[in-house]
Each structure stands twice: as C-alpha cells, then as structure tokens.
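Below you'll find the structure, written out as structure tokens, and then a few comments.
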Ligand SMILES: [Zn+2]
C-alpha cells in the first residue's frame, strides 16, 4: 500500500525542494480555478471559484469571473475545475516520531532520538499526501525533543512537512500513561524529567518543555489505553498539578492539552483550565456541561480506538492494550453524542498511523457530525484551537496558500477525502496527481 504513494510523495518532494530554493517573492504568481470550493466558514460548497496567489499567500479569492481579470499574463495557471478545493487540513492530535506502524510499547526505548526524528521526516510525507498541511504534535516520549527539531527543520525548509505546533513530552505521574519505563523495579531506567508526582515537580517539568521550545504542554490527566500499566478509569495528575501547568503555560503564552478518558479526570482537567480535552471517551453530563460553559475544545480521536480494537494483539500491540481498547470503546458514542448535544467545539485529531487519516472523517460522520462539520473540525476549528486563525483554516486573502483538491464532493460523500489529488502548502505544490487518469479511488 505505501509503495505507490511513497513514490508519488518522493517525486513531489524532488519537485518541491527545487521550489523551496526560491523565496516566496521570486515565485511567479499562481492562478487557480476550482470547479467546487468549500467555504470552511459557512460549510457551504461554492462553484466556479478562482484563487490568485502571490508569494506564499492568497491575494484574492472569489467567483472566477471576478478574479480572472486580475491574473497577470505571467501567472502560472492551475486547473482544478474537475475537483473540489478545500483549505489545507490540520490534524490536531498527531504523534510523529518513530515507526508509526509499530505499536510496541518498547519502540520508544529501542530507537535513538535521531532515528525517531528521521522516521518523523518520513512520516511527514504521509500527512502531506493526505492533504494535511498543518498538525499539532500531541506529545512524545523523547528526552531529546526530536519533534521540536522536526518542527523547526520544516519551518526552515530543510525537510518537507506540514506546519507544526508541538507539545513537549508527556507530563505524567510515575507509572502513569506517560511513563515510558515499562521495565521491572530492579531494572528501572533513570527517572525521566517528564514525570511529576507533586505540584512543584510539574512546574519544573512544564518549564523545561517551554525552555526547549514546546508550543503546547501535554498533560496525562488520566490513565490510558495504549500502555501496559495505567488504568484509564483513574485520574492521575491532580487538579492542583494541572492548574499549575496551565498557569505556567498560559503565562508563557503557550497552551495546554490534556489526555483524559475517565469522567473525574476530564472534569479535573477542565476545572484546571486546560485548552483542549483529548479523547474524552467517557465524558459524562457534568463534564460536558463544564466544557460547554468554559469553551474547552474536544479532540475526540474516534477512529484510533475503533481501529486498535479491531486489530487485537498485532503490529506490536500487547494483549492488555487490546483488552483495554475493547473495554473502553462502548463508552465512545454516548460521550460523543453528549458533546454534540452540549455544542462542545470539536477538532479533528487522528492519534494513529497517518495512513488512516481519511478514516477519522468517516468516523466523525458516522458518530453524528455532518460532512461539513467534519471538514470544519479539520480546518477552521483546528486553526482556531492552534491559534492559527489569521494564517490558516479558511481560504481567505492574506492567509497562507495552503489548499488541497479531492476527487468527488466530500459533502455528498465523505469518503472523497480518501482521494486527495493535489496539495499546496504556502504556494508550493507538495502533490499533484490531477492528471493521473489511471489513479482510481484509494483503498
Ligand atoms: Zn495521543
């Protein structure tokens, strides 16, 4: 499955790196015509639109008849009239380092930070290939912060990839969901700086992440599913600890995301003032009310548990992890329905191998979002959560020329998101298979 796509991505990278050598100002202006174009603000599909791009930004967008006269003779013309154009997508719950097809809890201990980051550079191509021009790394277990090196290298144009916002390392109690040391007591690793069992310790851990460049602080509010020892029913960090992390992060103009599964852990994280709840798989009525009142975002990551429950103990996943996944899954739909009833703001996040990115759109629609809402979750909503609204999330004059095209109409059939044929990031073409007539729908 990855071979053909990998080749496409690599071909594209070769083309793109040639373009990266030019400054945005040196590039010829671009004039794109779109048969259909999603207005992510309203969720409406517009027809016969055109986009004029100067440098790496959208200069003008609107009805083709209005925009076309402003395109100069030297404009590069791109015809997307047979496709649906959307803003570049944003995945707000990604883990980017390492081999993402290896689910073994030992992986992070078996490879070096350098190897993990090189895997990360490879993984970036898959996010781009699926139309994701932005992502938020939801934390890693890497004392050397490979994800921040990757973010900065993409920003500098050293390697291709989506724009990245990134958490540091998982802040967790000892033995909690973010404790990567799975060894026996008499074989234990030296204690890592992401572990925090007191309020003072979490202040130090949060400050350390910020010192080394994290945009987000990632808290493990409860136990989790994808690990061999924690209990997702248990709150782990205390509300006081989480409030301290929020105080420190917000004072430094950083944001806070909390992995939270069980009702008490979700509520403690919300009361502590976190910006987003990740998963929220067992969200109860009181928690939903609190989130709605405080405007806390929810990144429900629906597909990952559905996928991991279906594969059982394979791909390195341990039996205990598969069992936990099966046990928590029945809570997912009720919690999500509750979130919708309370009009909690939803953001797209996969939390899985990026080859499955289109499946999260399908899971969101199966669970109750309209296709337009699912697309808004990965565009305008995600940009707002990440603080990127002035730069991304909708196609507007002044924003980055981050846009994609798909075959078909995703408002009519959300599986069209499997068929991304064109990806542009900051006016650089990262993928173009629009003329690949042989390319049928993806599996
Ligand atoms: Zn995660």
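Laid out as a table, the results:
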{"read-out": "Test: residue in region 237-244 that is farther than 21 Å from residue 378 by Cβ and within 16 Å of the ligand (Cβ to nearest atom)", "value": "yes"}
{"read-out": "Qualifying position, being in the same structural domain as residue 326 (by TED's automatic domain parsing) and either part of a helix (DSSP H, G or I) or more than 30 Å from residue 417 (Cα to Cα) (or both), among 165, 214", "value": "214"}
{"read-out": "Leading residue by the ranking (surrounded by the fewest Cβ atoms within 10 Å (Cβ to Cβ)) among those in region 72-112 that are within 16 Å of the ligand (Cβ to nearest atom) and in a strand (DSSP E or B)", "value": "93"}
{"read-out": "Which listed residue is free of Cβ contacts under 8 Å to residues at least 60 places away in the same chain, more than 16 Å from the ligand (Cβ to nearest atom) and either crowded, with 24+ Cβ neighbours inside 10 Å or not assigned by TED's automatic domain parsing to the domain that holds residue 249 (or both), from 295, 287", "value": "287"}
{"read-out": "Count of residues meeting criterion [within 16 Å of the ligand (Cβ to nearest atom) and either under 21 Å from the mean Cα position of the chain (by Cα) or surrounded by fewer than 23 Cβ atoms within 10 Å (Cβ to Cβ) (or both)] in region 256-281", "value": "16"}
{"read-out": "Unique match (being closer than 20 Å to residue 207 by Cβ and more than 22 Å from the chain's Cα centre (by Cα)) among 286, 247", "value": "247"}
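The values are calculated or read from the model by the stated rules, or taken from the named source; none is laboratory data. These figures come from a predicted structure and were not determined experimentally. Cβ: placed from backbone, ideal geometry, glycine included. Neighbour counts: every protein chain shown.
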